[in-house]
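Throughout, read-outs are computed from the coordinates displayed, never taken from laboratory work. Values in this document were obtained by computation on a predicted structure and should not be read as measured data. Because the Cβ atoms are built from the backbone with ideal geometry, glycine has one as well, and the counts that use them run over all protein chains shown.
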Amino acid sequence: MPIDAEHRHLLDLRSRELMCACRACVILFDRSAAGAGHYRLVGDRRLRIEDLELDDATWEELRLPVDMAFFFRHSGEERVKAYYPSPMGPTESQLELDAWALLEEANPLLRTLAPDVEALLVNRSLGARQHWIVPIDECYGLVGLIRTSWRGFTGGAEVWQGIKERFEELDRRSRPASAKGAS
């Protein structure tokens, strides 16, 4: 079956690989029992969170060496994991779980992340304070952009323009949500 240019993805929970999904697969895997726990349909919820409580001190407690990262609940490891995009691909951070617990307590919306397939995406680069709940494939798309466009030590103008455009597009496709409530 052909796959449209705009399509959803399945996540292989064992290999952590994303696979393009045709319309029939989206319908089939939209049920939690489908795939026998091996595959999970990546959702399409995109929320822009303007009121996320994430100050500089909390960011430091998360032990992230950069200003852009995504966080998701890994069902196999039963914990939240943090990654940041880099020219080498997604890089795992050694997330302090106490810091994540405090972040979740201050922002109950984070408890609604669908395991494995939804992430909190944070952009603090160049003074930004942007936060979204997005499908995990959005995060890997950002990783791909950085990996393929990065030049030199600082990335170059092309990659930063691409990042800016990606976040602008994400804003257009997202609906507003409050970190205090479920959406």
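A few remarks follow.
- Take the Cα radius of gyration of the chain and divide it by 2.2 N^0.38 Å, N being the number of residues; the result is 1.02.
- Of the residues Phe153, Phe70, Phe167, the one with the fewest other Cβ atoms within 10 Å heads the list, and the complete ranking is Phe153, Phe167, Phe70.
- Highest GNM mean-square fluctuation among Ala106, Ala57, Ala21, for the chain modelled with Cα contacts below 10 Å: Ala57.
- Sorting Cys25, Cys20, Cys139 by the number of Cβ atoms found within 10 Å of their own Cβ, with the fewest placed first, yields Cys20, Cys25, Cys139.
- Modelled spin labels at Cys22 and Glu105, positioned 7 Å past Cα toward Cβ, are 5.0 nm from each other.
- Note on the chain: with a GNM built from Cα contacts shorter than 10 Å, the maximum mean-square fluctuation among Ser125, Ser75, Ser15 falls on Ser15.
- Distant-in-sequence amide contacts of His7, defined by a placed amide H-H separation under 5 Å and a gap of 5 or more residues or a different chain, comprise nothing.
- For a modelled paramagnetic label at Ser125, 7 Å from Cα along Cα-to-Cβ, the residues of region 152-177 in reach, with backbone nitrogen under 11 Å, are 154-167.
- Farthest toward the positive end of the dipole of region 112-183, out of Ala128, Val143, Gly155, is the Cα of Ala128, where the dipole comes from beta carbon charges about the Cα centre.
- Charge tally around Thr148: other residues with Cβ under 14 Å, Lys/Arg +1 each, Asp/Glu -1 each, net +2.
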